[in-house]
Amino acid sequence: MNWKKLLITIFRVAIGWHFLYEGVAKFAAGNWSAAGYLSSSTGPFSGFYQWLGSSDSLMNVVDPLNMAALILIGIGLFLGLAIRISAVSGIALLMLYYFAHPPFGGSLMAGSEGSLYIVNKNLIEALALVVLIFLNDKGWGIYALPIFSKKNVEANAEETTTDNSRREALKNLATIPALGVLGLGAFRETQKFGVDTLSGATIKIGGADISELKGELPMGKIGDHEISRLVAGGNLIGGWAHSRDLHYVPSLFRAYNTEKKIFETLMLAEEAGINTINIGFPTNATMQKYKKLTGSKIKVITQIGPDRKTGDYLINIDKAIDFGVDIIQIQGNHCDWMVRDNKLDKIDLMLNHIRKQGYTAGLASHTVDSLIACEEQGIIPDYYMKTMHHDNYWSAHPRENRVPFEVDGKRSLDHNKFHDNCFCLFPDRTIEFVERAKVPVMGFKVLAAGAIKPEDGFNWAFKNGADFICVGMFDFQIVNDVNVTIDSLNNLQGRKREWYG
């Protein structure tokens, strides 16, 4: 047994199967497209890749070429046919993948492949093909059969026995039945489980495709900023989940929303017409990097509060400005705490400081009592952000047991009291306040952190006076949520409050 030749054959066949299966899996998916992968490109060549991904006509050419190249390269390497051409083509294709999402750009990257910097699986496989090109021995394969080369005919003539010649021919043909066995196994798995969701870029979760958008997302104004009526929320990408007593959910959010996935989600949101995101302060660095790497013009509303270490009420406003945000608002829990602790003067101080820097100043709250107290003292922001949802869902505790300011307080083990389950404690009072407000209102937690369906929650918020809604969305929810927003606004009935903004 020629062990060296055997190892080279296994090496070549393994790479070939990877290419072939990737191509076949994409083809079998039916509606697979690299558009999302290209549109979310980062790095020095992102403009080129995003240009490709943004054009339907170009993708109608790129997608079939991509699948065909993977399949042909895979067959060539697996069966041992046109090995050098297949290897060179494979290197070129892998490097196109590599530079679409290069593992560099300002920080160490982490994702589904682990922690990466410079070296990832695409680069490693490309280097493996370089080694294969320069190896004199290419292993057993169809290329070595006499019919493919005069040199092989002469070598075959020099064989000492017919048996040796036949054995060598069988070895060179052995990859054909091997391909059949692997192909049959893959087919059976596909029949049983569907397309392999672990194959690169084949993941399908069930969300609507960007082509299924029902129209343009309506816009409005807050201050001098034109923003979409549907604003992306930052909790999901930041890993903050109001998950009642399901303690694993925040870590699940963070595991799903890697930096790469966050960027893909933001790119999709912008493509769907969402031009604004409302984020918690810790997400500022991520948004700054996203805008720098992609050239995005998405508007960033950042939430601020007093500095936790120093207690300074203004320092985080200045830090937010340094991050390049567009709009600054006092975070809802901080507003509630300051009202609860009779520090309304600090809210006024913060709003004035935001305005002095030339920025639109927002005021958020979970408890409507906070906004009423500020209103009574003449403290009026440029816009309000208020939790707005009804309480007709299973996990809402009884109204008679609700207490102002409890949303950010202690979670009770009593099922009839608050346990991270209700965020608009007094819907009727909230509606009354919103209806008399003379500045734009952005409703948030409109789905009560997943307890209410979008069709119900969006309509309720807009009907009862919200000018904008802020909704946390995973990538596979974006198109559906945009469509629901469009439908809600087009068919809205019973709204009494005039539109502000």
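Exposed loop sites were defined as trypsin sites (Lys or Arg not before Pro) in DSSP loop states (anything but H, G, I, E or B) carrying at most 11 other C-beta atoms within 10 Å; in the chain the longest segment without such a site runs 1-296. Each other residue within a Cβ distance under 13 Å of residue 274 adds +1 if Lys or Arg and -1 if Asp or Glu, for a net charge of -3.
Give the Rg/Rh ratio for segment 218-490, taking Rg as the radius of gyration of the Cα atoms and Rh as the Kirkwood radius, to two decimals.
Numbers: Rg = 17.5 Å, Rh = 18.8 Å.
Across segment 218-490, the Cα-based Rg/Rh ratio is 0.93.
Lysines near residue 346 by alpha-carbon distance under 28 Å, same-chain residues fewer than 8 away left out - which ones? Cross-link targets: 221, 299, 309, 319, 356, 386, 410, 438, 445. Using a cut-off of 19 Å between alpha-carbon atoms, which lysines can reach residue 260, once sequence neighbours fewer than 8 places away in the same chain are excluded? Excluding near neighbours in sequence, the set is 121, 204, 289, 291, 292, 297. Rg/Rh for segment 201-336 (Cα atoms only, Rh after Kirkwood) is 0.98. Taking the DSSP beta bridges with both ends in the chain, the antiparallel portion is around 20 percent.
Taking a straight Cα-Cα cut-off under 13 Å and skipping sequence neighbours fewer than 8 places away in the same chain, the aspartates and glutamates within cross-link reach of residue 417 are 400, 406. When the inverse distances between all different Cα atoms of segment 414-489 are averaged and flipped, the Kirkwood radius reads 13.4 angstrom.
Converting phi to 3J(HN,Hα) with the Karplus coefficients 6.51, -1.76 and 1.60 and the offset θ = phi - 60°, segment 396-413 yields 6, 7, x, 4, 5, 9, 8, 10, x, 6, 7, 4, 9, x, 6, 8, 8, 8 Hz in sequence order, with x at every glycine or proline. Near the amide H of residue 299, within less than 5 Å, lie the amide hydrogens of 276, 277, all on another chain or at least 5 residues away, with H placed in the peptide plane. Taking label points 7 Å from Cα along the Cα-to-Cβ direction, residue 184 and residue 244 give a separation of 4.9 nm. Derived scalar couplings between HN and Hα for segment 46-55 equal 4, x, 5, 5, 5, 4, 4, x, 8, 10 Hz in order, rounded to whole Hz, by the Karplus curve 6.51 cos²θ - 1.76 cosθ + 1.60 (θ = phi - 60°), x for Gly and Pro.
I want the local charge near residue 86. Using Cβ-Cβ distances under 11 Å, sum +1 for each Lys or Arg and -1 for each Asp or Glu among the other residues. Let's see the in-between values first.
Details: positive: 12, 84, 138; negative: none.
Here the charged neighbours net out to +3.
Counting every pair of alpha carbons in the chain, the share spaced more than 35 Å apart comes to 46 percent. Expressed per residue, the C-alpha convex hull volume of segment 293-353 stands at 90 Å³.
Among the GluC sites (Glu not before Pro) within segment 413-501, which fall in a DSSP loop and have no more than 13 other Cβ atoms within 10 Å of their own Cβ? Walk me through the intermediate numbers first.
Details: sites: 432, 435, 455, 498; in loops: 498.
In loop regions of segment 413-501 (DSSP not H, G, I, E or B), the sparsely surrounded GluC sites (Glu not before Pro) are 498.
Close amide H contacts of residue 231 (hydrogens built in the peptide plane, cut-off under 5 Å, sequence separation of 5 or more or a different chain): 469, 470, 471.
In percent, what relative contact order does the chain have, based on Cα pairs under 8 Å that are 6 or more apart in sequence?
Values: 805 pairs, mean separation 65.9, N = 501.
13 percent.
Filter the chymotrypsin sites (Phe, Trp or Tyr not before Pro) in segment 366-462 down to the DSSP loop ones having no more than 13 other Cβ atoms within 10 Å, then list what survives. Could the numbers behind the result be given before it?
Details: sites: 383, 384, 393, 394, 405, 418, 423, 433, 444, 458, 460, 462; in loops: 393, 394, 405, 418, 423.
Listed in order of number, the matching sites are 394.
Using θ = phi - 60° in the Karplus curve 6.51 cos²θ - 1.76 cosθ + 1.60, the 3J(HN,Hα) couplings for segment 85-91 round to 4, 5, 5, 4, 5, x, 4 Hz; x is entered for Gly and Pro.
For residue 465, no residue 5 or more places off, or on another chain, has a built amide H under 5 Å of its own.
Rule-based calculations on the coordinates, nothing more; no lab input. These figures come from a predicted structure and were not determined experimentally. Reconstructed Cβ throughout: ideal geometry from the backbone, glycine too, with neighbour counts over all protein chains shown.
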